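The values are calculated or read from the model by the stated rules, or taken from the named source; none is laboratory data. Note that the coordinates shown come from a computational prediction; the quantities given were computed from them, not determined experimentally. For neighbour counting, all protein chains shown are included, and Cβ atoms are generated from backbone atoms with ideal geometry for every residue, glycine included.
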Amino acid sequence: MNIKRIPLILIAFMTATACSAEDTAEPLSGDVAIATVNGTPYSLDLFRLFYLERLQQNQGESSAELQEQAFNDFMSLIVASQEAARRQLEDDPQVAVAIELHRMKVLSNAALASMGMEIEPSEDQLKQAYEEIKANVARTEYKARHILVKEEDEAKELIQELEGGADFGDLARKHSLGPTGKNGGELDWFDANQMVAPFSEAVVAMEAGTFTKEPVQTQFGWHVIELQESREAQPPSYEEARPQLVVILKRQALGDQLIEMRDNAMVELNEDVVKFSPKDE
């Protein structure tokens, strides 16, 4: 049968990973054939893996159009791979090397996933990691507003108006070239590292409730800055951070295991290919 289009409802059913509570049909087994092409069956699991890759490329947004396109591309992949087999391209050295590299990557990822599931950081390890991260993320955040203009003289005139009692927000709305001008120059809370150096250096040196007495130049132009307030950034609670800490510690432990495995592996280098210099004793 020559299939040019497959019913979208069928694709949606085949790619579903679970049935809703109202479904009465049993989910299809992954080893059931989704199609037999030129006498060779291809499993539903194979297509599901292919479709999952497409979903990831599409940022997880599934649609009937994506399902249909994925199925058609899967069919194209099948017939092209069958043609490669007919041409005996698996015996081509470059093709064989590429297949072996892909095989190694798949097995490596499977091994790392399996090893990762065996790693369970203790509560003491998690709490110690939390304290270390909490110390490292301690920083000051600033709340400020600014007026951005092209010329230094204009910035100086605005500073004079502020010294005369002008409202900072009104001047920003009237003169600022920056995108925050319409909001009176208001910036969100920021870390000094998020701003260009001249701007952040000026803010760090200011006291809350003051504005710069001299214009501050950056690559964007000339700024008049008012520091409204500052605060010490609060790290997330242990409960909030715990899931991410588990991931971090698992990754670290997995990295340590890989290093140990490499160090303990019996490696014989072909010195005609690799010029190896052992470390000094």
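Between Asn72, Asn109, Asn58, the distinction of being surrounded by 10 or more Cβ atoms within 10 Å (Cβ to Cβ) and modelled with pLDDT under 90 belongs to Asn58 only. Taking (1) farther than 30 Å from Glu240 by Cβ; (2) in a helix (DSSP H, G or I); (3) in contact with a Leu (Cβ under 7 Å, 6 or more places away or on another chain) in turn, Ala129 satisfies each apart from (1).
Of all the residues in the stretch 198-232, those that are of a type outside the set (A, V, I, L, M) and not in a loop (DSSP other than H, G, I, E, B) number 17.
Inspect the stretch 175-197 for any residue being in a helix (DSSP H, G or I), within 30 Å of the chain's Cα centre (by Cα) and either surrounded by fewer than 13 Cβ atoms within 10 Å (Cβ to Cβ) or of a type in the set (Ser, Thr, Tyr) (or both) and give the result as yes or no. There is at least one residue in the stretch 175-197 that is in a helix (DSSP H, G or I), within 30 Å of the chain's Cα centre (by Cα) and either surrounded by fewer than 13 Cβ atoms within 10 Å (Cβ to Cβ) or of a type in the set (Ser, Thr, Tyr) (or both). Determine which single condition Gln94 fails, assuming it passes every other condition in (1) surrounded by fewer than 10 Cβ atoms within 10 Å (Cβ to Cβ); (2) outside any helix (DSSP H, G or I). Against the list (1) surrounded by fewer than 10 Cβ atoms within 10 Å (Cβ to Cβ); (2) outside any helix (DSSP H, G or I), Gln94 comes up short only on (2).
Listed here are the residues, each with its yes/no results for (1) surrounded by fewer than 13 Cβ atoms within 10 Å (Cβ to Cβ); (2) assigned by TED's automatic domain parsing to the domain that holds Leu158; (3) in contact with a His (Cβ under 8 Å, 6 or more places away or on another chain).
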residue: Val224; (1), (2), (3): no, yes, yes
residue: Gln228; (1), (2), (3): no, yes, no
residue: Arg242; (1), (2), (3): no, no, no
residue: Lys250; (1), (2), (3): no, no, no
residue: Val267; (1), (2), (3): yes, no, no
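Residue pairs whose Cβ atoms lie under 8 Å apart, sitting 6 or more positions apart in sequence or on different chains, and linking a residue in the stretch 68-90 that is among the aliphatic types (A, V, I, L, M) to a partner that is exposed (fewer than 11 other Cβ atoms within 10 Å of the Cβ), are Met75/Ile3; Val79/Asn38.
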